[in-house]
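Asks: Can you read through this structure? Questions will come right after.
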Amino acid sequence: MFVWFLCIGGAPRGIDVIEFRSVRKQFRSTIAVNNVTFAIDRPQMVGIIGRSGAGKSTLLRIINGLTTASGGEIFVEGRDVLSLKGRTHRRWQRDCAMIFQQFNLVPRPDVVTNVMLGRLNSHSTVKSLFAIFGREEISDALHALDRLGIADQATKRAEMLSGGQQQRVAIARARVQDPKMILADEPIASLDPLNAEIVMSALREIHERDGKTVICNLHTLDAARAYCDRVIGMRAGEIVFDGTPDVLTRDVAREIYGAGEGFNEAATSTSLAQPNKTVKGRELAPAVAG
Ligand SMILES: Nc1ncnc2c1ncn2[C@@H]1O[C@H](COP(=O)(O)OP(=O)(O)O)[C@@H](O)[C@H]1O
Ligand SMILES: [Mg+2]
């Protein structure tokens, strides 16, 4: 009898990591995100692609409250995170770490301090005010840097590092934050191909080894194909494609980018060294790029 009850009452589908229900954002006359509905039902690495202005950044920023939605709901663990206020809202923001194109490190402090800043939200106000960190936090930060191959840069001022190194510091900072998911907005758009590969491999590794969902805005097709399990294509604020990289054909890509017959995939390329699946999950190279 009890088993029967479970069969009826238990959810037949997987547990949603995150579910978007008719999410909308309008800026004056511009509809940046138009009734977006989709769910991620298990930890995945999801790439969002589309031309500039398609609504990718707005969608990502709505998730963690950097932009307020005009309508809709985003459910995570049974609650609408768009309706959270005050402390629970801040807690949710800590649960979804954000990585930006321009790294957003604090330039003066050293690298290890920048990484530990990822823990600030979990501190008391006084500790946060004085950025007081314990031995364990320093050790965690160094470990996170080591996993990204840049532990030797720990004592340098963040501003002294190259773009590729700074983005790895930003990823280490996100990792010590111990978020439920990582949101990355064009994390490789400012990087050369080698650093782009290192950063995408690091995000992939966080997904595979730590089991985190990573949602990553990319304006290049090859990065999405090489590193993501699932690709969502946006055009004019709407989802026009949602599938695995193997069904992201040239024709589909042309549709997503809204390009005509002259569509050239190379124009959406970061020239990643080997844009194929073998890149997935491979060991992260040590600090080879500057
Ligand atoms: N703060 C804003 N104020 C007004 N319009 C905005 C703002 N942010 C984005 N937009 C508009 O919303 C649309 C989607 O932008 P965005 O989400 O940045 O696209 P993407 O990241 O795909 O390039 C664009 O038309 C953009 O001009
Ligand atoms: Mg953008």
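Asks: Round to a whole angstrom and tell me the spacing of the C-alpha centers of the stretch 186-237 and the stretch 32-74.
Replies: Spelled out, the Cα-based centre of one part sits 15 Å from the other.
Asks: I need the peptides 134-142, 186-194, 172-180 ranked by packing, meaning the mean over residues of other C-beta atoms within 10 angstrom, with the highest value on top. Could the numbers behind the result be given before it?
Replies: Values: 134-142: 14.9, 186-194: 19.3, 172-180: 22.3.
Per-residue mean Cβ counts within 10 Å order the peptides as 172-180, 186-194, 134-142.
Asks: Suppose the chain between Arg91 and Ala39 were pulled fully straight at 0.36 nm per residue; how much longer would it get relative to their current alpha carbon spacing?
Replies: Numbers: separation 52, 0.36 × 52 = 18.72 nm, distance 2.16 nm.
Stretched fully, the Arg91-Ala39 segment lengthens by 16.6 nm.
Asks: Explain nothing, just compute: Karplus ³J(HN,Hα) = 6.51 cos²θ - 1.76 cosθ + 1.60, θ = phi - 60°, for every residue of the stretch 180-191 in order, whole Hz, x for Gly and Pro.
Replies: 6, 8, 10, 10, 10, 9, 6, x, 10, 5, 9, 10
Asks: Shifting gears a bit: Once you place label points 7 Å from the Cα toward the Cβ at Ser52 and Asp80, how far apart are they in nm?
Replies: Rounded to a tenth, the inter-label distance reads 3.5 nm.
Asks: Where the only charges are on Cβ atoms (+1 Lys, Arg; -1 Asp, Glu), what is the dipole of the stretch 20-279 about its Cα centre, to the nearest 20 debye?
Replies: Values: 34 positive and 29 negative charges, 198 e Å.
Roughly 960 debye, rounded to the nearest 20.
Asks: Please sort by residue number the GluC sites (Glu not before Pro) in the stretch 215-265 whose DSSP state is loop and whose Cβ has at most 12 other Cβ atoms within 10 Å. Spell out each step's value before the answer.
Replies: Numbers: sites: Glu238, Glu255, Glu261, Glu265; in loops: Glu261.
Here the GluC sites (Glu not before Pro) that fit, given the DSSP loop and packing criteria, are Glu261.
Asks: Let me ask something else about it. Kindly state, to the nearest 0.05, the FRET efficiency for Glu238 paired with Leu194, given R0 = 30 Å and r defined as their beta-carbon distance.
Replies: 0.30
Asks: Also, I was wondering about something else. Measure off 7 Å from each Cα along the Cα-to-Cβ vector at Arg28 and Ser139, then give the distance between these two points in nanometres to one decimal.
Replies: Inter-label distance under the simple model: 5.5 nm.
Asks: Another question about this same structure. On alpha-carbon atoms, Rg over Rh for the stretch 20-279 using Kirkwood Rh? Display every interim value, and only then the final one.
Replies: On the way: Rg = 18.4 Å, Rh = 19.0 Å.
Computed over Cα atoms, the ratio is 0.97.
Values in this text are rule-based calculations from the coordinates and carry no lab data. None of the values given here were measured: they were computed from a predicted structure. Counting neighbours? That spans all protein chains shown, and the Cβs are built from the backbone with ideal geometry, glycine included.
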